[in-house]
């Protein structure tokens, strides 16, 4: 199948009637137009809510069994995937291998345009093989127009290996069919600048990835309430955030919170469990390990024992 044959008919390639005089608009008119058009991203997320929820659930189960999450894309889509993957270790203290981004052209494509590399379907398949993707992994193919051969090649190869496959695209299913386990359609309509999918399509993709990765981490017990209790304390800002979490949840003063944080090896989740259940670091870690790092479950079960 030649995915590129359909591009002229794609929703993301069509002309937006609301911006026909784009080159004649004043700066404030440009801003207002963008603001009106960007409202479509919220509608698109709402319409995709059930698919996003399904993707969160199926991905969390796979990662809970020891699987990994891979984002695959080219150009803007690939960069957004790499960005979201890169944010997971500092935010949720995940191992860098747990969530990874694969972009056509490799690391150099993050800084320099290499969109021509998206046209090789075989390269997408090769990336799946090189990363040794297996049946317990999850592969999310990101393509605004839904036709990127690199992404299709990756999804097909991942499916052959038994991995869970998710597609994230901004065109209707009747324009581009993608056979995956979860098919997420983020419909925002034609771009203000015709075909420039780094605009609304890029924005809605970033929003969807935020929801997906955060939702997965919540399901994996990386969050307590709405607190980032698995934050990686690697700089002054994150150290301060860790202390504020401890102060807020324990009512300790800053000095005592600092002592508690240090005694836990700068692990906020462990520090909270130690404080609330009067455990030492070893006891607390053993309890967390027993409940797969889920602080709420560890607290509830320990309280009942």
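The values are calculated or read from the model by the stated rules, or taken from the named source; none is laboratory data. It should be emphasised that the depicted structure is a prediction, and the values quoted were computed from it without experimental measurement. Backbone-built Cβ (ideal geometry, glycine too); neighbour counts: all protein chains shown.
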message: Please go through (1) in contact (Cβ under 8 Å) with a residue 12 or more places away in the chain; (2) within 29 Å of residue 49 (Cβ to Cβ); (3) out of contact with any helix residue (DSSP H, G or I) (no Cβ under 7 Å at 6 or more places or on another chain) for residue 113 and return the number of the only condition it doesn't satisfy.
response: (2)
- prompt: Of 195, 162, which residue is surrounded by fewer than 24 Cβ atoms within 10 Å (Cβ to Cβ), out of contact with any strand residue (DSSP E or B) (no Cβ under 9 Å at 6 or more places or on another chain) and at pLDDT below 95?
  reply: 195
- prompt: Looking at the stretch 159-173, is at least one residue part of a helix (DSSP H, G or I) and in contact (Cβ under 8 Å) with a residue 60 or more places away in the chain?
  reply: no
field: Matching residues in the stretch 129-144 - criterion: being touching a strand residue (DSSP E or B) at 6+ places or on another chain (Cβ under 7 Å) and either outside any loop (DSSP other than H, G, I, E, B) or within 12 Å of residue 168 (Cβ to Cβ) (or both)
entry: 138, 139, 140, 141, 142, 143, 144
query: In the stretch 281-302, how many residues are in contact (Cβ under 8 Å) with a residue 12 or more places away in the chain, over 14 Å from residue 221 (Cα atoms) and surrounded by fewer than 18 Cβ atoms within 10 Å (Cβ to Cβ)?
result: 2
field: residue 93 vs. criteria modelled with pLDDT under 95 and closer than 27 Å to residue 174 by Cβ
entry: no
- request: Considering (1) free of Cβ contacts under 8 Å to residues at least 24 places away in the same chain; (2) crowded, with 17+ Cβ neighbours inside 10 Å; (3) in the same structural domain as residue 10 (by TED's automatic domain parsing), say which one residue 186 fails and leave the rest.
  value: (1)
task: For the stretch 217-238, state whether one or more residues are in contact (Cβ under 8 Å) with a residue 40 or more places away in the chain, in contact with a helix residue (DSSP H, G or I) (Cβ under 8 Å, 6 or more places away or on another chain) and over 24 Å from residue 94 (Cα atoms).
output: no
field: Condition met for residue 32 (part of a helix (DSSP H, G or I) and either free of Cβ contacts under 8 Å to residues at least 60 places away in the same chain or not assigned by TED's automatic domain parsing to the domain that holds residue 110 (or both))
entry: yes
message: Just checking, does the stretch 95-109 include any residue being touching a residue at least 12 places away in the same chain (Cβ under 8 Å), touching a helix residue (DSSP H, G or I) at 6+ places or on another chain (Cβ under 6 Å) and assigned to a helix (DSSP H, G or I)?
response: no
